[in-house]
Amino acid sequence: MPELLAPAGSFEGVRAAVQSGANAVYLGFGTFNARRGAKNFSREEMAQAIAYCRARGIKTNVTFNIVALDRELFEAMEDVRFLNEAGADALIVQDVGVAKLIREHAPDLELHASTQMTVHTLDGALAAKEMGFSRVVLSRECTLEEIEKITREADIETEVFIHGALCMCYSGQCYMSAVIGQRSGNRGMCAQPCRLPYTYQDGKKGSPLSLKDLCASKWIPTLTKMGVASLKIEGRMKRPEYSAIVTKIYADLLREQRGPTQEENETLRKVFSRDGFTDGYLTGKVDEKMFGTKTNLSLQEVKPLYDEAARRFAEGKEAPLVPIKISCAVSEDGITVTAEDGEHGVVAVDRASVERANNRPTTREMLEKNLVKTGGTPFFVDQMEITLPDGRMVAASRINAVRRQALEKLYARRAAAPKRRWKPYEVSQNGHKNAAFTGYNLEIHQLSQMTEAMHKNRPNTIYVPLTELYAHVETTAQLCTQGFQLAVQMPRIYSDKEQPEIEHMLQEAQKTGVSIACAMNIGQVRLLRQMGFAVHGGFGLNVCNGAALEALAEQGVTRQTLSFELRTAQLRDIEKTIETEMIVYGHLPLMVFENCAIRCRTGKCTCEQGLTTLTDRTGQTFALIPEFGCRNTLLNSKPLFLADKPDWKKAGAAYGRICLTTESPERAAEIWNAYIEGYTLDFADGFTRGLYQRGVE
C-alpha cells in the first residue's frame with residue numbers, strides 16, 4: 001500500500017494531516033525550500049514537528065528543493081546537519097550539487113529527487129538512482145503508462161502527485177516569474193504569472209496558461225496496483241483545514257481501495273478548485289478542458305467543512321495510530337507495566353506494596369478497563385497480558401498512574417531522534433577556478449541561420465536541434481567535413497515512448513560526424529553518455545554552484561551552461577571544475593509546455609501557419625515556438641543583449657552562448673557580428689540585460 005503524503009505549512013498543518021489519515025507529511029524549513037512564501041518552520045518548531053510525527057509512526061519529508069548559490073552552501077549544510085540530527089526521514093532535493101554534499105556529509109539521510117528535477121522518463125529515474133536518490137517525485141506530466149513503466153523498471157521508489165495545483169510548465173523548467181519579475185520558481189519565490197490573462201495575436205483572450213487543479217481520486221486503486229510508493233497532495237501554502245479535508249478523503253479512498261463518491265467529489269470542489277478539476281496528464285489526453293481559473297465560493301458554503309475539519313485536528317485530539325502491547329504484573333511488592341510497540345519496550349514500576357482485599361478483590365476485567373485507557377496519546381492496545389494474584393486490591397488510580405508513566409516513556413522513546421553519521425562541512429579554501437573568456441558558441445533554431453558571418457568568424461561549437469540535424473543530414477555532414485564543430489541540441493522534453501525515435505535520430509547524427517550533444521535534464525545525460533557522445537549540459541539543469549558542476553562531471557558532463565537567473569558576481573563565485581558557458585544573447589526560454597498552447601488557440605495544430613504569440617496585460621508579446629512532440633516553448637518578449645557590455649566576460653565562464661530562435665538569417669548575421677566586434681544594435685521593441693545585474697529574489 002502506498003503512503004499518503006500530505007502538505008503541512010505549519011505545526012497546526014502537521015496535526016491536521018496526521019489526525020486526518022496521512023502516514024507521511026512534507027514540510028518546509030529555512031530558506032532552501034520552494035515555498036519560501038509559506039510560514040515554514042523555525043528550528044524549534046521543526047524539531048517538535050519531527051518528534052511529533054516520529055512518535056506516531058509518520059514519515060517526515062523536508063523540502064530542500066531550491067537551487068543554492070556557492071556562498072549559501074555552508075548555511076545550507078548547517079540546515080542539513082540540524083535536520084539530520086533532528087531525525088527527518090528524507091530531504092526532497094532539486095539541486096544536484098546539494099544532493100552530492102548531503103550524500104558525502106549525511107550519508108544516513110534519505111534523498112528524494114524533487115519534481116523540480118524534471119524526472120519524467122526511465123532514464124531520468126535511473127540517473128537519479130545513480131546519484132544517490134532513493135525516490136523520484138515524477139513530473140506531473142507523466143501518464144499512467146509512463147508511471148507504471150518507471151515504477152516497474154527503475155528499481156527506485158516513485159512518488160506521484162494526486163491532488164492540487166498544476167503548473168502549465170514542467171516543474172524546474174519555468175523561468176517566467178524570474179525573468180519578468182525577478183521572483184524565481186527555482187528559488188522558491190514564483191509569482192505565478194501563468195494564472196494571469198493573455199491575448200493571442202488574433203485577439204482571442206483568456207487564461208491559456210492556467211490549468212485546473214489536479215484530482216486523481218478515481219485513479220487511487222490503479223496507482224496502488226502499479227506499486228507507486230507515495231501519493232502526494234499539493235498545498236503547503238493552503239490553510240490546515242484544507243489539508244485535513246483533502247487528506248481524510250484520500251485516506252478513505254486509499255484504505256478502502258475505491259473511487260470517490262459524488263459527495264466526496266463535491267467536498268473537494270468546495271474546498272478549492274479552478275472551474276472544477278482535471279485528472280491532468282494521467283490518461284495522455286490533453287485538451288482545452290484542462291484549463292481553468294480559481295473558483296470563488298462564499299465563506300458560508302465552506303465554513304461548515306472547515307469547522308468540522310478543525311475539530312478533528314484540534315490540540316489534544318488523537319487518532320489511534322500506534323498499536324501496542326501492554327503487560328501488567330501485580331504482586332505483593334508492587335505493580336509493573338510494560339509497554340511495547342514491536343521495536344521499543346519500556347517499563348514503569350509502582351513499588352508500593354499491594355494489600356490483600358478486605359471485601360472486593362481486583363479482577364482482570366477491572367485491570368483491563370484501566371489499562372486500555374490511552375486517550376490523549378497516539379496509542380491503542382491490541383495485545384494485553386495480565387498477571388494478577390488472587391485476593392489483591394489494586395486502586396484504579398495506581399493502575400492509571402503507572403500506565404500513564406509507561407506510555408509517556410514509550411512516547412519519549414519513539415520520539416527520540418535516531419543516531420546518524422555526520423561529517424563536518426567546511427567551505428573550500430581553494431579559491432575560484434575561473435577561466436579566461438575563450439570565445440562564442442552558437443545555438444541556432446534552423447540551419448538557415450548559419451550565414452557567411454559564422455563562416456568568416458567561426459563559433460567554437462554550434463548547437464543545432466536534433467530534429468533539424470536529422471532533417472538535413474547532407475548539410476550537417478558537409479559542415480562537419482568543413483571543420484565546424486556541430487553539437488546536438490536535445491529536445492527539452494521527450495517521453496519514454498518517443499525515446500526510440502530520439503535514439504534513431506541521434507545515431508543518424510553520429511553518422512554525419514556529430515560527436516557532441518547538449519542534455520537538458522539528467523535523464524538525457526545518462527542516455528547520451530551511453531551512446532558515446534561527449535556530453536554538454538544545458539540551462540535546464542539549473543546549475544548555480546560548484547558542487548553541481550562536480551556532480552554533473554561525475555555523470556560525464558564536460559561542459560555546462562550556467563543558470564541565467566544568477567547575477568554576474570554569483571556566477572563568478574562558482575568553482576568551475578569543468579568548462580562553463582553563459583547565455584549572452586537570445587529570447588530567453590520562459591516555459592516549456594506538454595499541453596500545446598498553440599493548439600489551444602484554435603483547437604487544432606497550427607504550427608505551420610506562422611508565429612503564435614501571447615500578449616500580457618502590460619502589452620508585452622511573447623512568442624510560442626514548436627518543440628519536439630507537439631510541445632512548445634514560450635520565449636521572452638525582449639531578447640537578452642550584452643554585445644556592448646563586456647563585463648560578463650569577467651564571470652569566469654570560458655564561453656558565451658548566443659541563442660537564435662525567431663531571428664531571420666540576416667538578423668542572425670547582424671547579431672553575430674555585433675558580438676564579434678563588440679557594438680550595439682537597434683531593437684524595434686527594445687532589449688533586456690537579463691538578470692546578470694538585477695538577480696532574483
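The translational diffusion coefficient of the range 564-648, from Stokes-Einstein at 10 °C and 1.306 mPa s with a Kirkwood hydrodynamic radius over alpha carbon pairs, comes to 104 µm²/s.
Bridging of Lys419 to aspartates and glutamates at a Cα separation below 12 Å is possible for Glu85, Asp108, once same-chain residues fewer than 8 apart are set aside. The residues of the range 530-626 present an accessible area of 30 Å² per residue when probed at 1.4 Å with all protein chains retained. Over the chain, Cα pairs under 8 Å with separation of 6+ residues give a relative contact order of 15 percent.
Near Leu640, the amide H atoms lying under 5 Å from its own belong to Gly586, His587, Leu588, Thr688; only residues 5 or more places off or on other chains count, and H is placed 1.01 Å from N.
Give me the Kirkwood hydrodynamic radius of the range 499-543, using the inverse of the mean 1/r over all pairs of distinct Cα atoms, in Å to one decimal.
10.7 Å
Which whole-number percentage describes the relative contact order of the range 377-474, with Cα contacts under 8 Å and a sequence gap of 6 or more?
20 percent
For the range 390-512, the solvent-accessible area with a 1.4 angstrom probe is 53 square angstrom per residue.
Which links in Lys218/Lys497; Lys204/Lys604; Lys59/Lys149; Lys129/Lys238; Lys149/Lys289; Lys205/Lys604 stretch past 20 Å when you go from one Cα to the other?
Violating the 20 Å limit, Cα to Cα: Lys218/Lys497; Lys59/Lys149; Lys129/Lys238; Lys149/Lys289.
Pairwise Cα separations in the range 538-697 fall into 10 Å bins from 0 onward with the following percentages, short to long: 10, 34, 34, 20, 3.
Mean residue ellipticity at 222 nm, helices only, the chain: -9500 deg cm²/dmol; runs of at least 4 DSSP H residues each add -39,500 (n - 2.57), and the sum is divided by the number of residues. Spread over its residues, the convex hull of the C-alpha atoms of the range 315-407 is 93 Å³ per residue. Rounded to the nearest angstrom and listed largest first, the equivalent-ellipsoid semi-axes of the range 200-292 from its Cα gyration tensor are 27, 17, 12.
Shape analysis of the range 463-579 yields a ratio of the Cα radius of gyration to the Kirkwood radius, Rg/Rh, of 1.00.
Kirkwood radius and radius of gyration were both taken over the C-alpha atoms of the range 404-536, and their ratio Rg/Rh is 1.34.
Among the listed values (i) 1.11; (ii) 1.44; (iii) 1.18, the one computed from these coordinates for Cα Rg over 2.2 N^0.38 Å is (i).
Counting Cα-Cα pairs of the range 19-157 in 10 Å increments starting at 0 gives whole-percent bin shares of 12, 41, 34, 12, 0.
Return the carbon/sulfur percentage of the accessible area of the chain, one whole number, probe 1.4 Å, all protein chains in place.
Numbers: 13110 of 27810 Å².
Carbon-and-sulfur percentage of accessible area, whole number: 47.
Quick one: Debye curve from the alpha-carbon atoms of the range 76-235 only, equal weights, vacuum; give me log10 I(q)/I(0) at q = 0.09, 0.10, 0.12, 0.20 Å⁻¹ to two decimals. Result of the Debye calculation: -0.35, -0.43, -0.61, -1.30. Look at the dipole of the range 291-449 built from charges on Cβ: of Gly292, Val346, Val427, the Cα furthest out on the positive end belongs to Val427. Note on His120: accessible area is roughly 10 Å² with a 1.4 Å probe, heavy atoms of protein only. Whole-Hz Karplus values for the range 216-229 come out as 9, 4, 6, 9, 4, x, 5, 5, 5, 5, 5, x, 4, 7 Hz, taken residue by residue from phi with 6.51 cos²θ - 1.76 cosθ + 1.60 and θ = phi - 60°; glycine and proline positions read x. Compute the relative contact order of the range 161-237 as a whole-number percentage, counting only Cα pairs closer than 8 Å that sit 6 or more residues apart in sequence. With pairs under 8 Å counted, the relative contact order is 42 percent. Taking label points 7 Å from Cα along the Cα-to-Cβ direction, Lys423 and Lys204 give a separation of 5.6 nm.
The values are calculated or read from the model by the stated rules, or taken from the named source; none is laboratory data. The shown structure was predicted, so the numbers you read here are calculated from the model rather than taken from an experiment. Cβ sites come from the backbone with ideal geometry, for glycine too, and all protein chains shown count toward neighbours. Heavy atoms of the whole protein, side chains included, go into the accessibility calculation; ligands, DNA and RNA do not. Shrake-Rupley method; radii C 1.70, N 1.55, O 1.52, S 1.80 Å.
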